[in-house]
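Chemist: One structure, pasted below without further comment.
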Ligand code: SF4
């Protein structure tokens, strides 16, 4: 049966407009630093989708230097002025031009800080500018307060050996600057090795979280992956019902965390509505609806198997790394 899920149910679009970036971060997973999306994807192929969307997340590379970002926002807004945009940016060039757009049309701005000090930021980020990023973040916070904008301001932090000791200071900085949510991420190849320090940082972060002083996400998966704590797991995920993820090759899946096995097809050869209701889409939707997260990534399904010497970190059904037991 086709079209069991009409396109109008699709409310969220996550799109990667290119790989180009003006920085290089130690944990960056992109080897490609040049590719750009074919503008035909957002000029034509996504046209039927815009009227139904409520929210779009724009990612790169670095979206503020990608040639398509401004045009894409204008096209989508011209077809649906109610769309609100999110952006994941390193913040270095997030100047008043961008903050004006996002204070007016934004859902969220996520600035990747990954540190709480210039020293650690410089260790992690080649070609970064700590002062500029912090001042852009402050300007954004002030502007949205004055405008009484509903924009959410988030800051993210990939936890590494280099910055592990700054988790707490990062949370303090976030509160000082007026960040609404601190988001902790991990790279499974660069998980922090000091479990004692991580446990201490997590304990303080949980305490702050439960006080309600700031919203914090990402603590549970880190705890499960590094400290081997049982992961309570997801109760449910709605992404296969209302979200689509498109990368700069035109590949379509429900979510960026599903990996290659979640790719439904490519917009260069198939239509969006065809992919949204393809056999594969129906199957993945069925599995996730029935709480089968076996295709899902380590944020949603961190799990490990112990033997005497190692802890195997598994993702998407494959063993990725063996960590020595500490
Ligand atoms: S990885 Fe799976 S469970 Fe996690 S958000 Fe994506 S679709 Fe949902």
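The values are calculated or read from the model by the stated rules, or taken from the named source; none is laboratory data. Just so it is clear, the model here is predicted, and its values are computed rather than measured. All Cβ positions, even for glycine, are placed from backbone atoms using ideal geometry, and neighbour counts span all protein chains on display.
Chemist: More than 16 Å from the ligand (Cβ to nearest atom) and under 20 Å from the mean Cα position of the chain (by Cα): is that true of residue 217 in this structure?
Modeler: Numbers: more than 16 Å from the ligand (Cβ to nearest atom): no; under 20 Å from the mean Cα position of the chain (by Cα): yes.
Answer is no for this residue.
Chemist: Within region 230-251, how many residues are under 16 Å from the mean Cα position of the chain (by Cα) and in a strand (DSSP E or B)?
Modeler: Adding up the residues that qualify gives 4.
Chemist: Does region 55-65 hold any residues that are touching a helix residue (DSSP H, G or I) at 6+ places or on another chain (Cβ under 9 Å) and assigned to a loop (DSSP other than H, G, I, E, B), and which are they?
Modeler: 60
Chemist: From the list 119, 143, 150, exactly one residue is in a loop (DSSP other than H, G, I, E, B) and more than 17 Å from the chain's Cα centre (by Cα). Which is it?
Modeler: Working: 119 fails: in a loop (DSSP other than H, G, I, E, B); 143 fails: in a loop (DSSP other than H, G, I, E, B).
150 is the lone residue from the list that is in a loop (DSSP other than H, G, I, E, B) and more than 17 Å from the chain's Cα centre (by Cα).
Chemist: Would a scan of region 16-30 turn up a residue that is in contact with a helix residue (DSSP H, G or I) (Cβ under 9 Å, 6 or more places away or on another chain), modelled with pLDDT under 95, within 21 Å of residue 252 (Cα to Cα) and buried (at least 19 other Cβ atoms within 10 Å of the Cβ)?
Modeler: no
Chemist: When you look at residue 197, is it free of Cβ contacts under 8 Å to residues at least 40 places away in the same chain and touching a helix residue (DSSP H, G or I) at 6+ places or on another chain (Cβ under 9 Å), yes or no? Step through it out loud before you land on a result.
Modeler: Working: free of Cβ contacts under 8 Å to residues at least 40 places away in the same chain: yes; touching a helix residue (DSSP H, G or I) at 6+ places or on another chain (Cβ under 9 Å): yes.
When the stated conditions are applied, residue 197 passes them.
Chemist: Quick check on my filter: what residues within region 293-307 are more than 6 Å from the ligand (Cβ to nearest atom), touching a strand residue (DSSP E or B) at 6+ places or on another chain (Cβ under 7 Å) and at pLDDT 60 or above?
Modeler: 298
Chemist: Against the definition (touching a strand residue (DSSP E or B) at 6+ places or on another chain (Cβ under 8 Å), free of Cβ contacts under 8 Å to residues at least 12 places away in the same chain and more than 30 Å from residue 280 (Cβ to Cβ)), how does residue 229 come out, yes or no?
Modeler: Details: touching a strand residue (DSSP E or B) at 6+ places or on another chain (Cβ under 8 Å): no; free of Cβ contacts under 8 Å to residues at least 12 places away in the same chain: yes; more than 30 Å from residue 280 (Cβ to Cβ): yes.
It is false that residue 229 is touching a strand residue (DSSP E or B) at 6+ places or on another chain (Cβ under 8 Å), free of Cβ contacts under 8 Å to residues at least 12 places away in the same chain and more than 30 Å from residue 280 (Cβ to Cβ).
Chemist: Could you grab me the full set of residues in region 255-283 that are more than 16 Å from the ligand (Cβ to nearest atom) and not in a loop (DSSP other than H, G, I, E, B)?
Modeler: Across region 255-283, the qualifying residues are 265, 266, 272, 273, 274, 279.
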